[in-house]
Amino acid sequence: MTSRAESAAATRRALLDAAGELLDLGGPEAVTLREVGGRVGMTRGAPYRHFADKEALLIAVGTQAWERLADTVRTLRSDPAIPPADKLRGALIALVDVGRRRPHLFRLMFTDLPSDPTALYRAAQPSHDDFVAILLDLVGERNAQRYGALLIASVTGIAGMEVADHLKGEKWNTSAEELVDTLVTLIANAER
C-alpha cells in the first residue's frame, strides 16, 4: 500500500517530468500548470497543491537538472582511477550534453527567475563545489576560481554554438568535444 507521502512524491515527479517535456517542446512559454496537470491526468487546480505558480514549477525543474549534473560531477570527482584532467573534461562534457540534448532546460538552469532570483544559483552550488574541487586538484588554489569561471563561460558558449549548428561546416569545422579538449589541455598545462 502506498502512503500519502509516497503518492505525493510520485505525483510531484510526474508533474516535473511533464513540465520538462513541455519545456523541451517549446521553452518556458509552453509550460503552464494547467497543461502540466492535463498531461498527468490531474484536475485543473491539482498542480497548485504541489507548486505555487509556474515559476515555482520552473525552479523545481531547473533544480532537478542541477541535482542530476551534481551527481555526475560528484561521481567523476570521487573516482580515484580517473586523472584530474579527465575528470574536468567529463564534467564539462556533461554540461555540454545538457545544452545539446535539452537547450531550453540548459538556458533555464542559468536563469534568474523573478520570484526567487537566487534559487537556481543555490541549486547549482553542489555541482559548482565539486567542479572547483576537480580544478583544485588540477591547477591549485590560486587559479581554480578564475579558471572555473573561464571554463563555465566557455562551455555555455560552446553549447550554444553547437545547438545553433555553428560549429560544423567550413566556418569553424570543429566539435564541442574538440573545443572542450582544447580548453582542458590549456588549463592542465597552465602554470600552477
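The values are calculated or read from the model by the stated rules, or taken from the named source; none is laboratory data. Just so you know, these numbers come straight off a predicted model, no measurement behind them. In this analysis, Cβ positions are derived from the backbone assuming ideal geometry, glycine residues included, and neighbour counts consider all displayed protein chains. Note: areas computed on protein heavy atoms with side chains; ligands, DNA, RNA excluded. Shrake-Rupley method; radii C 1.70, N 1.55, O 1.52, S 1.80 Å.
Structure summary
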read-out: Solvent-accessible area, 1.4 Å probe, carbon plus sulfur percent, for region 68-130; value: 56 percent
read-out: Cβ-Cβ FRET estimate between Thr182 and Ala30, R0 fixed at 45 Å, reported to 0.05; value: 0.80
read-out: Ratio Rg/Rh [Cα only; Rh per Kirkwood] for region 108-192; value: 1.04
read-out: In degrees, nearest ten, helix 119-139 long axis to first principal axis of the chain (Cα); value: 20 degrees
read-out: Dipole-positive endmost among Val163, Leu179, Pro126 within region 83-192 (Cβ charges, Cα centre); value: Val163
read-out: Per residue solvent-accessible surface (Å²) - region 49-192, probe of 1.4 Å; value: 54 Å²
read-out: Gain on full stretching of the segment that runs from Thr118 to Asp71 - 0.36 nm per residue minus C-alpha separation; value: 14.9 nm
read-out: Loop-resident sites, region 95-192, for GluC sites (Glu not before Pro), counting at most 10 other Cβ within 10 Å (DSSP); value: Glu191
read-out: Separation of the Lys171 and Thr43 label points, Cα + 7 Å toward Cβ, nm; value: 5.2 nm
read-out: Cα gyration tensor category, rounded, prolate or oblate, for region 27-96 with a/c compared to 1.5; value: prolate
read-out: Relative contact order of the chain, pairs being alpha-carbon contacts under 8 Å that are 6 or more residues apart, as %; value: 21 percent
read-out: Those aspartates and glutamates that a straight Cα-Cα span of less than 17 Å connects to Lys171, excepting residues fewer than 8 apart in one chain; value: Glu162
read-out: Spatial separation of Cα centroids for region 130-164 and region 32-70, in angstrom; value: 30 Å
read-out: Mean ellipticity per residue at 222 nm, deg cm²/dmol - from DSSP H runs of n ≥ 4 across the chain, formula -39500 (n - 2.57); value: -24000 deg cm²/dmol
read-out: Solvent-accessible ranking of Lys54, Lys171, largest area first, probe 1.4 Å; value: Lys171, Lys54
read-out: Three principal axis lengths of the chain [C-alpha, angstrom, descending]; value: 59, 41, 32
